[in-house]
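Chemist: Handing you this structure, nothing more for now.
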Amino acid sequence: MKGRGLLSRLKDEEGQVLSYLLKIILVAFLVGLIIVEAGPIIWNHISTRGTANDAAELAAHSYVNNRGDMEKVRKEVKELVEERDARLVGDIEIIKDATGRATAVKVTVRKIVNTYLFEHIGYLSPLTEAKSTSQHDLY
């Protein structure tokens, strides 16, 4: 029995338990790897949507409170977005109705997060970028 290798032990009754344990360990490792690699990517997309919603809401309130002073609006929104490790894409857009009166603001936010596999496998790298646009009414 001492001279037998690991593979031959896995084939008989003695190796059934060891084989079962190895399968459980392998599956647990793969599930853990998927969670560690995909979890931050999924969370990035969810949090970017929340950041865009909050930025649009802040932009709307700031626009009303500052009477349309876009410099103050940009500054406040940029501070919020940078605080959450994201970036503004383009400028804050003011939506106007047919009469030319401002009715809403539109903000687009972008955030990138990298994990080892997603960073080093080329065709997965676009998944690391999350972009979200949100609109909020002024009144």
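Results for (1) in contact with a strand residue (DSSP E or B) (Cβ under 8 Å, 6 or more places away or on another chain); (2) assigned to a helix (DSSP H, G or I); (3) modelled with pLDDT of 95 or more, shown as yes or no for each residue.
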position: Y20; (1), (2), (3): no, yes, no
position: V31; (1), (2), (3): no, yes, yes
position: I35; (1), (2), (3): no, yes, no
position: G50; (1), (2), (3): no, yes, yes
position: A55; (1), (2), (3): yes, yes, yes
position: H61; (1), (2), (3): no, yes, yes
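Chemist: Checking the condition modelled with pLDDT under 95, surrounded by 15 or more Cβ atoms within 10 Å (Cβ to Cβ) and farther than 22 Å from T115 by Cβ, which residue from G15, G3 passes? Even if it seems obvious, please write down each step before you answer.
Modeler: Values: G3 fails: surrounded by 15 or more Cβ atoms within 10 Å (Cβ to Cβ).
Of G15, G3, the one residue that is modelled with pLDDT under 95, surrounded by 15 or more Cβ atoms within 10 Å (Cβ to Cβ) and farther than 22 Å from T115 by Cβ is G15.
Chemist: Within region 62-76, does at least one residue satisfy the condition of being surrounded by 15 or more Cβ atoms within 10 Å (Cβ to Cβ) and of a type in the set (S, T, Y)?
Modeler: Yes: region 62-76 contains one or more residues that are surrounded by 15 or more Cβ atoms within 10 Å (Cβ to Cβ) and of a type in the set (S, T, Y).
Chemist: Output the residues belonging to region 113-124 that are within 13 Å of the chain's Cα centre (by Cα) and exposed (fewer than 15 other Cβ atoms within 10 Å of the Cβ).
Modeler: N114
Rundown of residues vs (1) over 15 Å from the mean Cα position of the chain (by Cα); (2) surrounded by fewer than 11 Cβ atoms within 10 Å (Cβ to Cβ), yes/no style:
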position: A28; (1), (2): yes, yes
position: I34; (1), (2): yes, no
position: N44; (1), (2): no, no
position: E57; (1), (2): yes, no
position: I94; (1), (2): yes, no
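Chemist: Let me ask something else about it. Could you check region 109-124 and list, in sequence order, the residues that are touching a helix residue (DSSP H, G or I) at 6+ places or on another chain (Cβ under 7 Å), not in a helix (DSSP H, G or I) and not aliphatic (A, V, I, L, M)?
Modeler: Result: K111, N114, T115.
The values are calculated or read from the model by the stated rules, or taken from the named source; none is laboratory data. On a predicted model such as this, the values are computed, not experimentally measured, just so you know. Because the Cβ atoms are built from the backbone with ideal geometry, glycine has one as well, and the counts that use them run over all protein chains shown.
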